[in-house]
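The values are calculated or read from the model by the stated rules, or taken from the named source; none is laboratory data. Nothing here was measured: the structure is a model prediction, and the numbers come from that model. When we count neighbours, we look across all protein chains shown, and the Cβ atoms used for this are built from the backbone with ideal geometry, even at glycine.
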């Protein structure tokens, strides 16, 4: 089997070089820690170890939404895990997420610390703990969970599929770009048809389904992801656009986007978050980019 670049897969694959592309150093075919390093622990009940990628933004947005609702016991410390530098492979991080992916959370609010990894699991854990952004058991809750798990299953095609081959692969390849572009446009159509019927994904109420989906598909709709808005003709999905715009105006969302962000405009970065005042009293060292 030979692809359009002339590459013929060997009979047995071996890992003998980096795969290339922007995130080559984050990928390897084995699990486990590469180095010893303990994670810092702050003063709050929740310790988040993350980065402001779409998956990380889900969790910081939910924390900020909970605080806006008056759940003062949802205070959290957010520590950056710089995945480009391999910090997700430290012994401390692997201990709370053996899959070495951000985000990961330790909940110290109970008698024993509880680790929570995978963004959807973290959202569900927090929503159930605080009784917020998830309906009571019944049809509405089931619908919210339908869309939460839809996002968890679909985003891999958007990020690891379309995003990788369109934006990050060492060289463009027609087959994977066509394959994943078709799938992403289908997903946008799924969302657009749903949002033509309802204000939010689960119905009239804003839930963790929206909080999970917006950092991926809302960002895509607003041209913030992979610089692919024109390529995908995202303006065609007018119901997704309406939904994305509404969520974009929420104060908690604006704050959540900043937490653990280490790139881009300095005024939009907050490398670490330990207190609500951090958003207005950021020091110069927190505003330095890592680029």
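If I go through segment 153-173 residue by residue, how many of them are within 14 Å of residue 7 (Cβ to Cβ) and out of contact with any helix residue (DSSP H, G or I) (no Cβ under 9 Å at 6 or more places or on another chain)?
Qualifying residue count for the region: 1.
Among the residues of segment 200-223, are any free of Cβ contacts under 8 Å to residues at least 24 places away in the same chain and more than 17 Å from the chain's Cα centre (by Cα)?
Taking every residue of segment 200-223 in turn, at least one turns out to be free of Cβ contacts under 8 Å to residues at least 24 places away in the same chain and more than 17 Å from the chain's Cα centre (by Cα).
Out of the residues in segment 53-64 that are in contact with a helix residue (DSSP H, G or I) (Cβ under 6 Å, 6 or more places away or on another chain) and closer than 18 Å to residue 217 by Cβ, state the one that is surrounded by the most Cβ atoms within 10 Å (Cβ to Cβ).
Selected residue: 59.
Within segment 228-269, how many residues turn out to be in contact with a strand residue (DSSP E or B) (Cβ under 9 Å, 6 or more places away or on another chain), more than 26 Å from residue 197 (Cα to Cα) and in a helix (DSSP H, G or I)?
Qualifying residue count for the region: 3.
Could you check how many residues of segment 200-227 are touching a strand residue (DSSP E or B) at 6+ places or on another chain (Cβ under 6 Å) and assigned to a helix (DSSP H, G or I)? Walk me through it before giving the result.
Residues of segment 200-227 that are touching a strand residue (DSSP E or B) at 6+ places or on another chain (Cβ under 6 Å), as a first pass: 206, 210.
Pick out the ones that are also assigned to a helix (DSSP H, G or I) and you get 210.
Number of matching residues: 1.
Having 1 or more residues that are surrounded by fewer than 17 Cβ atoms within 10 Å (Cβ to Cβ) is the bar; report the strands (runs of 3 or more DSSP E) wholly within segment 72-191 that clear it.
114-117
May I ask you to list the residues in segment 34-45 that are modelled with pLDDT of 95 or more, in contact with a helix residue (DSSP H, G or I) (Cβ under 6 Å, 6 or more places away or on another chain) and surrounded by 10 or more Cβ atoms within 10 Å (Cβ to Cβ)?
Those that are modelled with pLDDT of 95 or more, in contact with a helix residue (DSSP H, G or I) (Cβ under 6 Å, 6 or more places away or on another chain) and surrounded by 10 or more Cβ atoms within 10 Å (Cβ to Cβ): 37, 38, 39.
Read through the list (1) surrounded by 15 or more Cβ atoms within 10 Å (Cβ to Cβ); (2) touching a helix residue (DSSP H, G or I) at 6+ places or on another chain (Cβ under 7 Å), then give the number of the only condition that residue 206 fails.
That leaves (2) as the condition not met.
Kindly provide the set of residues from segment 239-273 that are within 18 Å of the chain's Cα centre (by Cα), closer than 14 Å to residue 214 by Cβ and without any contact (Cβ under 8 Å) to a residue 24 or more places away in the chain, ordered by number.
254
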